[in-house]
1. Checking the conditions here, which among 82, 67 is in contact (Cβ under 8 Å) with a residue 40 or more places away in the chain, outside the structural domain of residue 168 (by TED's automatic domain parsing) and either farther than 20 Å from residue 11 by Cβ or assigned to a loop (DSSP other than H, G, I, E, B) (or both)?
2. Can you tell me which residue within the range 166-187, out of those that are part of a helix (DSSP H, G or I) and touching a helix residue (DSSP H, G or I) at 6+ places or on another chain (Cβ under 7 Å), is surrounded by the fewest Cβ atoms within 10 Å (Cβ to Cβ)?
3. Would you call residue 133 outside any helix (DSSP H, G or I), over 24 Å from residue 32 (Cα atoms) and outside the structural domain of residue 51 (by TED's automatic domain parsing)?
4. Could you say whether any residue in the range 188-198 is crowded, with 20+ Cβ neighbours inside 10 Å and within 19 Å of the chain's Cα centre (by Cα)?
5. Kindly check whether there is at least one residue in the range 101-115 that is touching a helix residue (DSSP H, G or I) at 6+ places or on another chain (Cβ under 9 Å) and under 25 Å from residue 256 (Cβ atoms).
6. Within the bounds of the range 25-43, is there any residue that is farther than 22 Å from residue 126 by Cβ, surrounded by fewer than 20 Cβ atoms within 10 Å (Cβ to Cβ), touching a strand residue (DSSP E or B) at 6+ places or on another chain (Cβ under 7 Å) and at pLDDT below 95?
7. Right, residue 86: over 29 Å from residue 235 (Cβ atoms) and either out of contact with any strand residue (DSSP E or B) (no Cβ under 9 Å at 6 or more places or on another chain) or modelled with pLDDT under 95 (or both) or not?
C-alpha cells in the first residue's frame, strides 16, 4: 500500500519559518506583511482557496484583506481596483483569483498587477523571468507541488514525469519546474492520444484538469508518485482528479484532496508575500 503525502505536515515546516520572520519584524518595530486577495464572480474552487488564504494568513500573523466583486463587474472596474492596490505602500502582495468570468480579458487584468506585488507570478514580467530561469516569484501551486515531490526523498533527476493539463496556472509551470530538476517531462491534454498508456509510464504523475476521480489505477505505474492538483466541489465536498482509494494500493506516494497540494499552495503564497515585503 502506498504512502500518503501529508501536505499539512510539509506546510507546517514553512509556516514555522514564516512565523519566525514575522515575530522578528514585530520585535524590531516593523510592520507585518499584507496581502490582498481579489475574487470576481462565485467560482467554488476560488472561494475555497480564498477562505484557506484567510485562515493561513491569520494563523501566521500576516495581514489579510479580501475584495469580492460580482460576476457582472467590468474589466475596467477590476483594473481600477488593482491600480489602487499597486500604489498602496501597505500592500505587499496582490492575489487575483482565477478563473475570471468569461467576458473579462484575463491577460489585460493580470498585466495590470505590479510585478513586485505579483505573488502568484501572473504578470508577463514575472512569467518571462520564470521561464528564462531568472529570479522571480514562482507560481504557488507548482512551487508547492515540487516541494511535496521532494518530501518523498526520491530524486526527481532522470525520472519520467507526466503532467495532465497545460494551463498557465499549473500545467506549464509544473512542466518547467520538473524540467529544472532534470526530469524528462511529457505534458498531456484533451488532444493527447493513448492518454492512459502515456500516464502509466510515469514515475511521477501530476494531474491538474479538474475532473473528479478521472485518474484511476489504470493510469498509474506501480511505485509511482501521484500528485493530485484537482479541486472540484461536488455535493458540497471537495474532490480531486485522482480516485484516491483506487490508486493508493498501486502508487508509492499519493497526495489526498483535501490535505495535499492545497495545504502547500496557501503556505507558498504566504511565503511569497514575505519575500515581496523583503
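The values are calculated or read from the model by the stated rules, or taken from the named source; none is laboratory data. Here the structure is a predicted model, which means the values were calculated and not measured. Note that each Cβ is placed from the backbone with ideal geometry, even for glycine, and that neighbours are counted across all protein chains shown.
1. 82
2. 176
3. The answer is yes for residue 133.
4. Step one: filter the range 188-198 for residues crowded, with 20+ Cβ neighbours inside 10 Å, giving 188.
Those still in the list that are within 19 Å of the chain's Cα centre (by Cα) too: 188.
Yes, some residue in the range 188-198 is crowded, with 20+ Cβ neighbours inside 10 Å and within 19 Å of the chain's Cα centre (by Cα).
5. As a first pass, look at the range 101-115 and keep what is touching a helix residue (DSSP H, G or I) at 6+ places or on another chain (Cβ under 9 Å): 103-105, 107-115.
Then keep just the ones that are under 25 Å from residue 256 (Cβ atoms); that gives none.
No, that holds for no residue.
6. Scanning the range 25-43, I find no residue that is farther than 22 Å from residue 126 by Cβ, surrounded by fewer than 20 Cβ atoms within 10 Å (Cβ to Cβ), touching a strand residue (DSSP E or B) at 6+ places or on another chain (Cβ under 7 Å) and at pLDDT below 95, so the answer is no.
7. Criteria not met by residue 86.
Conditions (1) touching a strand residue (DSSP E or B) at 6+ places or on another chain (Cβ under 6 Å); (2) at pLDDT 95 or above, marked per residue:
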| position | (1), (2) |
| --- | --- |
| 204 | yes, yes |
| 213 | no, yes |
| 224 | yes, yes |
| 228 | yes, yes |
| 232 | yes, no |
| 236 | no, no |
| 242 | yes, yes |
| 273 | yes, yes |
| 276 | yes, yes |
